[in-house]
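Worksheet: the structure to be examined is printed underneath.
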Amino acid sequence: MRKVILDCDNTFGLGNRDVDDGLTLFYLLGSPVIDLLGVTLTYGNDTLEKVTQMTKELQRRLDLSFNYYGNHQAEFLAEQVNCYPNEVTILATGALTNLAEAKKLDPLFFEKVKEIIVMGGTTEPLVVNHHPVTELNFSCDPLAAETVLLSQAKVVIMNGHMTSEAFFSITELEQFLSLAKEVIPQERAEWIRSTLEKWIEWNEEVFNFSGFCNWDMTTAVYLERPELFSNERFYLAEQQPTIDKGRIILTEKSIYSVRMPKKLLTVSEFNQLIIDRMVKGLQ
């Protein structure tokens, strides 16, 4: 079992806000190879206050069992990597503030983490279905992002270009809901349906497609099934002057080596896996 902490900016259920953190949580709860130690909350999709509110609401509505931290997040992170040195993987899908704060508490924090899989960053302008998209996660707290990326921990970057390929269509939505209704009460299924349909409606208005990019989900799937992604390694420049815009600067060689997959190799297999895991996680 892989010991995992999800550090996220969950806004599942909040109008005009992304749903992928919540779906990633369902996945982690349903994976047979993941031991979810806890969820540390950060900001990005909305304020920390809103993220905490929506995580409490999600847990209540769906009767899910997990521990979350809207306070003392850095303390929890440092405590867990000291309890399980070189065993804890952190999936970071929002602003990276909590991880940088954990390093302040324990200067050896990044040496004790097994792996950090982050969703964020771009290497060139990000365009989704002909629409320019502003990077969010790294630019929310650029100093924290630089701290994590240049930590020399084992870092995997799931950047905006690759993760935009993780398209979850209205067809996959219906398949997911059909299976979910067999294992959870109707009122829970209807809340999930309403939330996801509203998010698809927002995406239809903004991006002109019937579905959404399941950005953050790639971190969880990569942890369990890295073979579904390409396997490129890159070197980060020692200075990251454009990280405040979310832009990562690469170089030919440096001491800052990261994995950063360029391609999601099979979207259909990716989606079938996440549907299976999410349904199990909701049980």
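Every number here is computed from the coordinates shown, using simple stated rules; none is lab data. The shown structure was predicted, so the numbers you read here are calculated from the model rather than taken from an experiment. A quick note on method: Cβ atoms are made from the backbone with ideal geometry, for glycine too, and the neighbour counts reach across all protein chains shown.
For Lys181, list the lysines whose Cα falls under 21 Å from its own Cα; do not include residues on the same chain fewer than 8 positions away. Within the straight-line cut-off, Lys181 pairs with Lys198, Lys280.
Ranked for footprinting exposure by Cβ neighbours inside 10 Å, fewest first, Lys263, Lys114, Lys103 give Lys263, Lys114, Lys103. Here the Debye sum runs over all C-alpha atoms of region 105-201 as equal scatterers in vacuum, and log10 of I(q)/I(0) at q = 0.11, 0.16 Å⁻¹ comes out as -0.55, -0.87.
Here the relative contact order of the chain, from alpha carbon pairs under 8 Å that lie six or more residues apart, stands at 23 percent. For region 196-272, the spread of Cα coordinates along the three principal axes comes to 44, 30, 16 Å, biggest extent given first.
Can you tally the net charge around Lys245? Count Lys and Arg as +1, Asp and Glu as -1, for every other residue whose Cβ sits under 15 Å from the Cβ of Lys245. The answer is -4. Comparing Val88, Val127, Val19 in a Gaussian network model of the chain where C-alpha atoms under 10 Å apart are linked, the largest mean-square fluctuation is found at Val127.
Summary of packing: across the peptides 23-35, 72-84, the per-residue average of other C-beta atoms within 10 Å ranks them, highest first, as 23-35, 72-84.
Put a plus charge on the Cβ of each Lys and Arg, a minus charge on the Cβ of each Asp and Glu, and nothing anywhere else: the dipole of the chain about its Cα centre is then about 480 debye. If the viscosity is 1.002 mPa s and the temperature 20 °C, what Stokes-Einstein diffusion coefficient in µm²/s follows for region 1-135 when Rh is the Kirkwood radius over Cα pairs? Translational D for this selection: 139 µm²/s. So for the chain, considering every pair of alpha-carbon atoms, how many percent are separated by more than 36 Å? The share of Cα pairs beyond 36 Å in the chain comes to 9 percent.
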